[in-house]
Amino acid sequence: MRFMMNNRGCRPQTLKSGLRGRGRAVVPAALIVMLSGCEGVLDPAGPIGRSERLILLDSLAIMLAIVVPTILCTLAFAWWFRASNRRAAYAPTWEYSGRLELLVWSVPALVVCFLGGIAWIGSHDLDPAKPLPPVRPALEVDVVALDWKWLFIYPEQHVASLNRLVTPIGTPLHLRLTSASVMNVFFVPQLGSEIYAMNGMVTELNLQADREGHFFGLAAHFNGDGFSDMTFDTESVSSKMFDDWVRRAQSAEPVLDAAAYRELLRQSVNVAPMMFGRVTPGLFDAVATQALPPGEGPKLSARGDAKTSADDST
């Protein structure tokens, strides 16, 4: 919020009257602005994200059901049993009430049951490996977490992209993930369900985007100096635009083979997105089974080495 002043300054009476007229709208407006600018789990762009937001809001409402009355009771007791209130009963020998104990413990017990039920149902309904309803065939994408960049391989389209994930609207997205070196976490907050990517292992994740847009993707697990720059752009486009993107990618000159992959293993940060027109079949499986050697992983002088590697690669 910015206040602009002329060369005469701001007169206190004018400012006070303005605040008096707008004071009631300040808090709601601030909440609306904060929520509208929150491009994360509170602004989902797909069915998984919406389900996770619902779990968060339900959990918040259940917990507030005990937090808010507790705060109000604390304030009410402090006010009622103040020293100046002669009507407050003074019972220094009181120590137990069965009815009060039942009331005090039943509320948190219900809260635990409700939260446990939500967690139990949600953990099964939102299992990362559980396929989404088959509205249309899923788009297969293999994901490799490198130091410090993301490699996306489209095995059916025989193309690959670096630091950019493109998906058509309304199409289920089936991801297979592994890491070239250290453990990492793949996360697109607006699509939901972060998941680990580990060297020598393959994890699965099913997502879907229901509207066009660019969604921020990141590494949600610290893995060295380049961690803060290990981000990518998730672009949700129409089916026609996705087909056009695939054709442009297939016309790209770089080929992603074992030699090119070894170059990508070199540590680098802030790498611009790029496309590979062809991909050697079985490359992802070779990475996951360590048939291709793993990366070096973070080093003590990682950021300096990363910058040197990035400069050398250009």
request  = With respect to S161, determine if the residue is in contact (Cβ under 8 Å) with a residue 60 or more places away in the chain, in contact with a helix residue (DSSP H, G or I) (Cβ under 8 Å, 6 or more places away or on another chain), of a type in the set (G, A, S) and not in a loop (DSSP other than H, G, I, E, B).
outcome  = yes
Residue satisfying condition, being in contact (Cβ under 8 Å) with a residue 40 or more places away in the chain and within 30 Å of G170 (Cα to Cα), within set G282, G213 = G213
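Say whether the condition of being closer than 21 Å to T167 by Cα and of a type in the set (D, E, K, R) is met by at least one residue in segment 258-279. Spell out the reasoning first.
If we filter segment 258-279 for residues that are closer than 21 Å to T167 by Cα, which is where we start, we get 271-279.
If we keep only those that are of a type in the set (D, E, K, R) too, we end up with 278.
Within segment 258-279 (the criterion being closer than 21 Å to T167 by Cα and of a type in the set (D, E, K, R)), the answer is yes, since at least one residue qualifies.
Residues checked against (1) charged (D, E, K, R); (2) under 18 Å from the mean Cα position of the chain (by Cα); (3) assigned by TED's automatic domain parsing to the domain that holds T289:
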site: L132; (1), (2), (3): no, no, no
site: V143; (1), (2), (3): no, yes, yes
site: L151; (1), (2), (3): no, no, yes
site: L162; (1), (2), (3): no, no, yes
site: T167; (1), (2), (3): no, yes, yes
site: L173; (1), (2), (3): no, yes, yes
site: M183; (1), (2), (3): no, yes, yes
site: V188; (1), (2), (3): no, yes, yes
task = Determine, yes or no, whether A109 is within 15 Å of S51 (Cα to Cα), in a helix (DSSP H, G or I) and not assigned by TED's automatic domain parsing to the domain that holds L175.
result = no
ask   = Do we find a residue being among the acidic types (D, E), out of contact with any helix residue (DSSP H, G or I) (no Cβ under 7 Å at 6 or more places or on another chain) and modelled with pLDDT of 90 or more anywhere in segment 272-287?
value = yes
inquiry  = Given the options D142, D127, name the one that is within 30 Å of F232 (Cα to Cα), among the acidic types (D, E) and part of a loop (DSSP other than H, G, I, E, B).
reply    = D127
message = So if I check each of E253, E235, which one is within 26 Å of L292 (Cβ to Cβ) and either assigned to a loop (DSSP other than H, G, I, E, B) or under 22 Å from the mean Cα position of the chain (by Cα) (or both)?
response = E253
ask   = For residues in segment 164-180 being farther than 16 Å from V237 by Cα, in contact with a helix residue (DSSP H, G or I) (Cβ under 8 Å, 6 or more places away or on another chain) and at pLDDT 95 or above, which is surrounded by the fewest Cβ atoms within 10 Å (Cβ to Cβ)?
value = R176
Subset of segment 181-204 (residues that are within 13 Å of V144 (Cα to Cα) and buried (at least 24 other Cβ atoms within 10 Å of the Cβ)) = N184, F186, A197
request  = Answer with yes or no whether R211 is in contact with a strand residue (DSSP E or B) (Cβ under 9 Å, 6 or more places away or on another chain), modelled with pLDDT of 95 or more and either farther than 13 Å from W150 by Cβ or basic (K, R) (or both).
outcome  = no
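The values are calculated or read from the model by the stated rules, or taken from the named source; none is laboratory data. Given the structure is predicted, the values throughout are model-derived calculations rather than measurements. All Cβ positions, glycine included, derive from the backbone under ideal geometry; neighbour counts span all protein chains shown.
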